[in-house]
Amino acid sequence: MDSVWLLTVGISGVLIYICYMDIRWRRIPNRATLLILLLSCFTGFAHMPYPALVLPGLLLVLGFIAATVKLIGAGDIKLVSALAVALSASDTGDFLLLTAIAGIPVSIVSLLYFYFFAREKRATVPYALAISCGYWLQVLT
């Protein structure tokens, strides 16, 4: 089996765990994100001369600014940045676009759930699911 596919399967296993934690508790564990970063570095080394670090770093900085003003969760930003290490610059752009597209149905279902079943709670969106779908769509295409 190709090492990149083996690493992708490992990343996918951790992403499934992260999706569960985000849906259930609205938390993305830092240890899981660190494991994604480690696997992404190995994946980046496996198919590129060196993994991309500038663009994921820029995403991290801009994302933390967005997280500071409560536009997006900090865990989501860390996850996007960790996954972007395994992708080239053009693949990262596609990954972000696919994540945004996958976020539409995730957001609609989440907001409908809060509207019909949990009106007394503040509506939040488990965006790790959309991030994971965007990554899987990018890797599988």
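General observations
- Scattering curve values for the chain, log₁₀ I(q)/I(0), Debye with Cα scatterers, q = 0.09 Å⁻¹: -0.26
- Ligands, DNA and RNA left out, the accessible area of the chain computed with a 1.4 Å probe is 73% carbon and sulfur.
- Potential extension, F114-L71 segment - 0.36 nm per residue separation minus Cα distance: 13.6 nm
- In the chain, the longest principal axis of the Cα atoms and the axis of helix 128-140 are about 30 degrees apart.
- When only Cα pairs below 8 angstrom with a gap of at least 6 residues are kept, region 1-113 shows a relative contact order of 26 percent.
- Other residues within the sphere of radius under 15 Å centred on the Cβ of L83, judged by their own Cβ, net out at -3 (K and R +1, D and E -1).
- Residues of region 22-66: accessible area per residue with a 1.4 Å probe, Å²: 68 Å²
- FRET E, pair L34, V4, Förster distance 22 Å, beta-carbon r, rounded to 0.05: 0.60
- For the chain, the longest principal axis of the Cα atoms and the long axis of helix 74-84 meet at an angle of about 30 degrees.
- In a DSSP loop and with at most 14 other Cβ atoms within 10 Å, there are no chymotrypsin sites (Phe, Trp or Tyr not before Pro) in region 57-120.
- If you run the Gaussian network model on the chain, springs between alpha carbon atoms under 10 Å, then out of A67, A52, A84 the most flexible one is A67.
- Its DSSP H runs of at least 4 residues, each contributing -39,500 (n - 2.57), put the calculated 222 nm mean residue ellipticity of the chain at -26000 deg cm²/dmol, to the nearest 500.
- Exposure rule at most 11 other beta-carbon atoms within 10 Å, DSSP loop trypsin sites (Lys or Arg not before Pro): the chain longest free segment: 1-69
The values are calculated or read from the model by the stated rules, or taken from the named source; none is laboratory data. None of the values given here were measured: they were computed from a predicted structure. We place every Cβ from the backbone using ideal geometry, glycine too, and count neighbours over all the protein chains shown. Calculation scope for accessible area: heavy atoms of the full protein, side chains included, ligands and nucleic acids excluded. Shrake-Rupley method; radii C 1.70, N 1.55, O 1.52, S 1.80 Å.
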